[in-house]
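Report on the following structure.
Just so you know, all these numbers are worked out from the coordinates, no wet-lab data involved. Everything numeric in this text was worked out from a predicted model, so none of it was measured. Using ideal geometry, Cβ is built from the backbone for each residue, glycine included, and neighbour counts are taken over all protein chains shown.
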């Protein structure tokens, strides 16, 4: 079934909203010398209209008291692509700087992530709505304070009544360029598959990806990256980096680009 970006984001927001309508938290215990500490968390599915599909995310709405090592251990324990930890602060500080959120993958903390940002903002927004007993369709802005900086997320109901979430990312930062021949050896592409008029360059709006512009849709569909060698290639980067593959050969006049993000632990997006 075809969908556009707007509908795709709407479906994620609707699913997250449904998950929070009747909050059900699980709990995790962290032992320490003075006794156990209990932390609530919620697991939701982002970018889907079906339960147990899409991008799974664990959200800890109050992670105060956890150390960096404990957050990382919990992220490994949830074994999800991302886990977020909300660190509530004084309302005056949050009004000025936003709600502090830290994002972890299984291996490390990352400064930004797409679905964890939208999912966490939806969780916080719905918890605020429930606390204020306000209407779920009212326009609402949740400002997150991430490692990459402030990121506002706005939710509102569109003309169909579906909740739509819109996020403003930070400006792009352009990094290193990569040799076409080296990329071919890592990805299984051929030199003639890659556009000559565009560099293969690392670009970040919070999370870095090396953008590979591919000529033909067939080459995009038949990608067979060497995950181990790619991991070694980017091993010196301070934040996990991978290739992101794009083509303008969409075979559909209504679609400008098709893309794939294929990582060693499975496809991402």
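Summary of computed values
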quantity	calculated
Burial order of peptide ranges 83-94, 239-250 (average beta-carbon count within 10 Å, highest first)	239-250, 83-94
Over region 173-268, relative contact order from alpha-carbon pairs under 8 Å, at least 6 apart, %	24 percent
Kirkwood Rh and Cα Rg combined as Rg over Rh, evaluated for region 201-269	0.99
Förster radius 41 Å - calculated FRET efficiency between residue 176 and residue 53 (Cβ-Cβ, nearest 0.05)	0.70
Share of alpha-carbon pairs per 5 Å distance bin for region 102-197, given as whole %	2, 10, 16, 14, 12, 11, 11, 8, 7, 5, 3, 1
Paramagnetic reach from residue 222 in region 175-191 [backbone N under 17 Å; point 7 Å along Cα→Cβ]	184-191
Packing-based exposure ordering (other Cβ within 10 Å, fewest first) of 50, 76	50, 76
C-alpha center-to-center spacing [region 210-269, region 135-166] in angstrom	29 Å
Globularity ratio of region 176-215, using Cα Rg and 2.2 N^0.38 Å	1.13
